[in-house]
Structure formats: C-alpha cells, structure tokens
1. Check off (1) more than 20 Å from the chain's Cα centre (by Cα); (2) modelled with pLDDT of 95 or more; (3) in a loop (DSSP other than H, G, I, E, B) for residue 352 and give me the number that stays unchecked.
2. Considering only the range 70-97, state which residues are in contact with a Pro (Cβ under 8 Å, 6 or more places away or on another chain), over 10 Å from residue 25 (Cα atoms) and in a helix (DSSP H, G or I).
3. Just for the range 23-40: of the residues that are out of contact with any Phe, Trp or Tyr (no Cβ under 9 Å at 6 or more places or on another chain) and surrounded by 20 or more Cβ atoms within 10 Å (Cβ to Cβ), which one is nearest to residue 487 (Cα to Cα)?
4. Is it the case that the range 66-74 has a residue that's surrounded by 15 or more Cβ atoms within 10 Å (Cβ to Cβ), among the hydrophobic types (A, V, I, L, M, F, W, C) and modelled with pLDDT of 95 or more?
5. Of the conditions (1) touching a residue at least 24 places away in the same chain (Cβ under 8 Å); (2) basic (Lys, Arg); (3) not in a loop (DSSP other than H, G, I, E, B), residue 24 fails just one. Which one is it?
6. I need the helices (runs of 4 or more DSSP H) fully contained in the range 435-497, keeping only those with at least 1 residues that are of a type outside the set (D, E, K, R) and under 16 Å from residue 422 (Cβ atoms).
7. Can we say residue 259 is buried (at least 16 other Cβ atoms within 10 Å of the Cβ), under 24 Å from residue 412 (Cα atoms) and either within 28 Å of the chain's Cα centre (by Cα) or at pLDDT 95 or above (or both)?
8. So which residues in the range 356-385 are closer than 19 Å to residue 445 by Cβ, exposed (fewer than 14 other Cβ atoms within 10 Å of the Cβ) and not β-branched (Val, Ile, Thr), if there are any at all?
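The values are calculated or read from the model by the stated rules, or taken from the named source; none is laboratory data. Since the model is a prediction, treat every value here as computed from it, not as a measurement. Using ideal geometry, Cβ is built from the backbone for each residue, glycine included, and neighbour counts are taken over all protein chains shown.
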Amino acid sequence: MPDTSEPVRPRYYVTTPIYYVNDKPHIGHAYTTLACDVLARFKRLDGHDVHFLTGTDEHGQKVQQAAEAAGIDPLTFCDGVSRNFRDLAVTLGCTNDDFIRTTEPRHHAAVTALWQRLRETGDIYLGEYEGWYSVRDEAFWLESELTDGPNGTKLAPTGAPVVLTREPSYFFKLSAWGEKLLAFYDQHPDFIGPSSRRNEVISFVKGGLRDLSVSRTSVSWGIPVPGDPKHTIYVWLDALTNYMSAVGYPDITAESYQRFWPANLHMVGKDIVRFHAVYWPAFLLAAGLAPPQRVFAHGWWTNEGQKISKSLGNVIDPLELVTTYGLDQVRYFLMREVPFGQDGDFSRKALIQRINGDLANDLGNLAQRSLSMIAKNLDGVMPTPGDFDAEDTAILARMDGLLADQRRAYDTQEFHIGLTSLWGAIGAVNSYFTAQAPWALKKTDPARMATVLYVTAEAIRQAAILVQPLMPTSAALLLDQLGVAAEARGFDQLGAAGRLVPGTALPAPQGVFPRWVDEAPAA
C-alpha cells in the first residue's frame, strides 16, 4: 500500500524572554517580540512546525514592591500588567502559540521539579550569602563590577543601585561549571550570537565563576523552596525555567516536550545575555537536560540620539507608533533600519523615509504602475508572456534565487541583510521596468509589453511572498491583486513552482503603501 502519511516537518521553537511586570511595555519589549514573530512567520512559510512563546515574569522583589506601592496584592497587580503585555502582542500582529505566566501552576510544577533535580545531583547546597544585590536587576553583582554613585551609594553596571545583602541562602555550584561551559561554547560555536556577545560571555566565564545564590529569605513573592519554605527560589532560576514549563516539563515524555525541546532560539536583549548564556546552560547541563541551541542578544534603541528613560520623558510607546504610522510600516522599519544585534537610534524622520522610499516608492509604486497598465491595456487579465529574452531571464533568476539568501539571514538573525538583499532585487525590477518602458511598447510591440508586464508581476509576486513575515497585511493585499490563491503563498511556491497563471482575471489595483507628507499619510 502507498504511504499516505504526511512528511515530518522540521520543528522550530523560538522564545522571547518573559517580560517583567513592574511597568508597562515599551519599544524594547516590542522589538524583541516582533523579531520573534517575524522569525516564526518565516519558518512557518518555509514548512516548519513552529512553536512561538512569549509571556511574563511575575515573581521577585521588584514586583512585590510595585504591588505594595499600588496598594494591591501581588497577583492582582500581575494580572493587570500581564494583560498589557498580552495586548502588546496582539497590537503588533504577533502569532505566538502560547503566553506563559510564572504564576501558573504548570510553571510552579516545573520550577519545583528542576530544583529537586539539582538538589539530587548535588549542584545546590545550603550556605550563607553576603554580596551586592540590585533589586531593579534582580541580580547579584561582584564588587569589582560596581561603580561609585551619589551619596556613597554603589551602582551595578546597569546603573541600578545595589545593597549589601547577608542572609542564609541556597547556592548553585556555578564555580564547577566554568571549564565545562567553555568546552560547550567551543563545541557549539553558534550557541551565542552575535559574535560580540559571544566574546563578552566567554571573557566573563574565563574570568572565573563563583557559586550563585539561588534563594532568598527576604522575598516572599515567589515559588518556595521544596522542603524549606522559608526560602523563595531566586527569580532568575524561576524565570528561565518557563521555556521548558511551556512545553510540558517536568514530563519529559510529553509530546510537546519531545517535539520542541531543546528550543532552537532564545531571543533576548543584550542586558540579560549572561543569565541565558551562562546560568541557564549550567542549570540544564547539571540537571542532565539539553540546553537551547542558540541564544541571540539584540541591541538597544535610543530616541533621536538620546538614551531612553522615563525621567527624560522620551519613552517610545509602540502602540502610539502603530496607531500613527501603521502596523506593517512599523514592523518593517524596526527590522530594517538597524543591523540586528547592534544598538540603533529611532527617529520619526527615518521611519517616514523608509515608508516613502522603500515601501511607497520602491515596492508600492512598482506594483501600482504595472498592475494599472494590466488593468488599462489588457482588460485586467494576467498577460501571456512571449519568449523571455536575457533581461527577462536575469530578473526571474534573481527573484528565484532570493530564498537561499533569506534563509541564511533569518537563521543567523541578520534580518537587515535579508531585507537589503530583497530590496536590492526590487530595485533591479524597478530598473528593468523603467528600461523596458512598457508604456512605449504598447504602441510599438504589444506582445513585448505583455511579456514585460508579466515578468514584473511575477517579480512582485515573489517579493510579496517573501515580505509576508514582516508585513503580512500589505503582502496579502499585493498577492490578492495578483490573483494568487491563499494556498499558493508559502515559500514552496517561490520560483517556477508558483509562476503566475496567464489569463487570470485580476481585481482593480489599489495602492498598498500610502506616502507620508508633512507628518500625515497622503490620500
């Protein structure tokens, strides 16, 4: 009998960090979540079985203090702020498959199980901790990492104040994992990206690791240590476990765990790369569990050249950006403007330049001009091309070859490189269209005009398919106008496999990317 089973699709598990609920979402949260959504959409279009996770980190001293300041209990406080982050994902058009909260029972069970496993292996022991702790960072810092602040205070590298803390504590034997981690990094050279962050982490580990305090007796809002409820599990050991609790841990036989763990990618900001690339793999290796395959740390945004801070009043509200400029436009700008992994400066002028240049001019105007010619001169029917000449073949070959470039860029989180390659091809199509001058061919060689319009429309089809991860709504409008069926929009339809069908009746063309003039979209 023939095999009628579906082929096994490659799986892809991508996560944002879980966001701390002591404040409302800002551009940094939007940036990380958007990058993961773009990657998740890309992988789905490329035939992968994708699981995309985001969520909120709801335990720890900062949350406890914020709830007290608001005059409500911690869980009620978390319910409200967590909803803001869930709403942000919806506003950004994100396609996350799950949203986890560290106050959920499934997460409590996973953290407790991991703790017990680390106790069984002897990697956690009871002692006493004295050191410098930052409530804002929920992190301990070495004295050598501190700087002097005002009025005799000490500051962490993040600028957060620290206090000298002394209390009984359980410790994780991180000091025993230095050489093992260095060997792991050597065996997995792509584990940390970009290379600047990899070098930073390796330098930190080579400097020597101290045992890590993993419980607090002065914080009650969290998961109690099994068998010793006077202690609360350190918020980072708690939080990091979410990546496994969301896929079924501690049941390692669960279908979801077997299917998606280890994660393919943890996307994080550069300020928390140490927790994800040092502490997390050490916890997992000590517990006999597989570490994630890759951790990528992106950079930070400034606002019009200034560091973003509430005190300066220049916090960028992602919801306001989407309302003002449009969702797809904001998604495109954030992924295109800055080499992903580096710091970047946000400016409204640059955003408008991208909207008018890349979107309205390069892609939108090309589509509007060519499709309008088909509507006007060919009765709105996809033309039948004649024989392709060298210029036609070159354009089609360039578009056909784009997927390989895009895959390399997305797999290394170099979104800007993929988009530069794609827009370079779109620029080549614009040059081809202008040089071929189909408006002149209408009078001298109508058959050649039909071929040029077909080649241009086919190039737009492939560009529209490839921009779906960034601009799903706009791409859908373009593909609708080209008569491309919903089931023919995956990456398996790129190239010759999905060529436009001559004779297809097309809807009336409409503009997809309005230009901006004087801070307002043109009609």
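1. With respect to (1) more than 20 Å from the chain's Cα centre (by Cα); (2) modelled with pLDDT of 95 or more; (3) in a loop (DSSP other than H, G, I, E, B), residue 352 is out only on (3).
2. Narrowing the range 70-97 to residues in contact with a Pro (Cβ under 8 Å, 6 or more places away or on another chain): 84-85, 88, 91-93.
Cutting the leftovers down to over 10 Å from residue 25 (Cα atoms) gives us 91-93.
91, the sole residue that qualifies.
3. Looking at the filtered set, the residue picked out is 34.
4. No - not one qualifying residue is present in the range 66-74.
5. (3)
6. On the way: elements: 438-444, 446-466, 472-481.
Counting at least 1 such residues, we get 446-466, 472-481.
7. Here the answer is no, as residue 259 does not meet what is asked.
8. 376, 379
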